[in-house]
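Bear in mind that the values in this text are calculations on the coordinates, not laboratory data. Note that the coordinates shown come from a computational prediction; the quantities given were computed from them, not determined experimentally. In this analysis, Cβ positions are derived from the backbone assuming ideal geometry, glycine residues included, and neighbour counts consider all displayed protein chains.
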Amino acid sequence: MTLIVKNAKFIASNTNVGKCPADGKPEYAFIGRSNVGKSSLINALTLQKGLAKTSSTPGKTVCINHFLVNDSWYIVDLPGYGYAKCSKEGREKIRKVIEGYILQREEMTLLFVLIDCRHTPQKVDMEFMEWLGENGIPFAIIFTKADKLGKEKLAGNIKNYKKELLKSWEELPPIYVTSSEDNRGREELLDYISEINKSLDNNI
Ligand code: GTP
Ligand code: MG
């Protein structure tokens, strides 16, 4: 049975991980290259179009944004990485925000790494996932913007991506395919989160 999002609300926006909500509720964070569709996917999951700020200009999200779902768990919107047009200082600042959150935030139950399904595997994403592996961070992959490709091209790109991952990983992480335009993958993703919530012993 699919998890029903009864309510979702914005709670806080921070650049300092130490100032994030302190109620200990589990968190699911969304990361990926700038413009990959993190904020749009959060809006699709919660069925609230304006909840997370989206933009066709990369670099929209620069803070750690907490959204509380059903009063029991958080969705966290993180800034995008790998935005080349950002200033060097700007990129360094964002890198620190991302690293601080990922390495220090005990509440982070799982990190979703978003990948644009239209592209061939990119070095910046591969290196980021390797860094996650080195630091023992649990993650799953979400392919975004699936509405932008035909069925065969989509399947081909994902197959190719898995092949590339298997060059450096013994096992593939969980993989989801989504679109914030037609909402595909939404239920599967919510079911996955729901299963993890159930496995945590705080009765969500
Ligand atoms: P930053 O916060 O800048 O890192 O970007 P982001 O990853 O949060 O991306 P955002 O959700 O703002 O989306 C970027 C652009 O892609 C926007 O113009 C969205 O409308 C578009 N977009 C996002 N998801 C989808 C999708 O599933 N399908 C289509 N067709 N467009 C999408
Ligand atoms: Mg964003």
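Number of residues in the range 47-61 that are crowded, with 16+ Cβ neighbours inside 10 Å, within 13 Å of ligand 2 (Cβ to nearest atom) and not basic (Lys, Arg): the value is 6. Among the residues of the range 120-148, the ones that are in contact (Cβ under 8 Å) with a residue 24 or more places away in the chain and part of a loop (DSSP other than H, G, I, E, B) come to 7 in all. Any chance the range 77-86 includes a residue that's more than 20 Å from TRP131 (Cβ to Cβ), within 15 Å of ligand 1 (Cβ to nearest atom), surrounded by fewer than 20 Cβ atoms within 10 Å (Cβ to Cβ) and among the basic types (Lys, Arg)? The answer is yes, given that some residue of the range 77-86 is more than 20 Å from TRP131 (Cβ to Cβ), within 15 Å of ligand 1 (Cβ to nearest atom), surrounded by fewer than 20 Cβ atoms within 10 Å (Cβ to Cβ) and among the basic types (Lys, Arg). If the condition is being within 15 Å of SER34 (Cα to Cα), out of contact with any Gly (no Cβ under 9 Å at 6 or more places or on another chain) and in contact (Cβ under 8 Å) with a residue 60 or more places away in the chain, then the range 99-119 contributes only CYS117. Counting residues in the range 11-34 that are assigned to a loop (DSSP other than H, G, I, E, B), within 12 Å of ligand 2 (Cβ to nearest atom) and surrounded by 14 or more Cβ atoms within 10 Å (Cβ to Cβ) gives one or more.
Let's see how each residue does on (1) closer than 24 Å to TYR83 by Cβ; (2) surrounded by fewer than 16 Cβ atoms within 10 Å (Cβ to Cβ):
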residue	(1), (2)
LEU111	yes, no
LYS123	yes, yes
GLY133	yes, yes
ALA140	yes, no
GLY156	no, yes
LYS167	no, yes
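Tell me whether the range 176-192 contains one or more residues that are among the basic types (Lys, Arg) and under 20 Å from LEU110 (Cα atoms). The answer is yes; a qualifying residue exists. Is it the case that the range 69-88 has a residue that's out of contact with any Ser or Thr (no Cβ under 6 Å at 6 or more places or on another chain), in a helix (DSSP H, G or I), more than 13 Å from ligand 2 (Cβ to nearest atom) and without any contact (Cβ under 8 Å) to a residue 40 or more places away in the chain? Yes: one or more hits.
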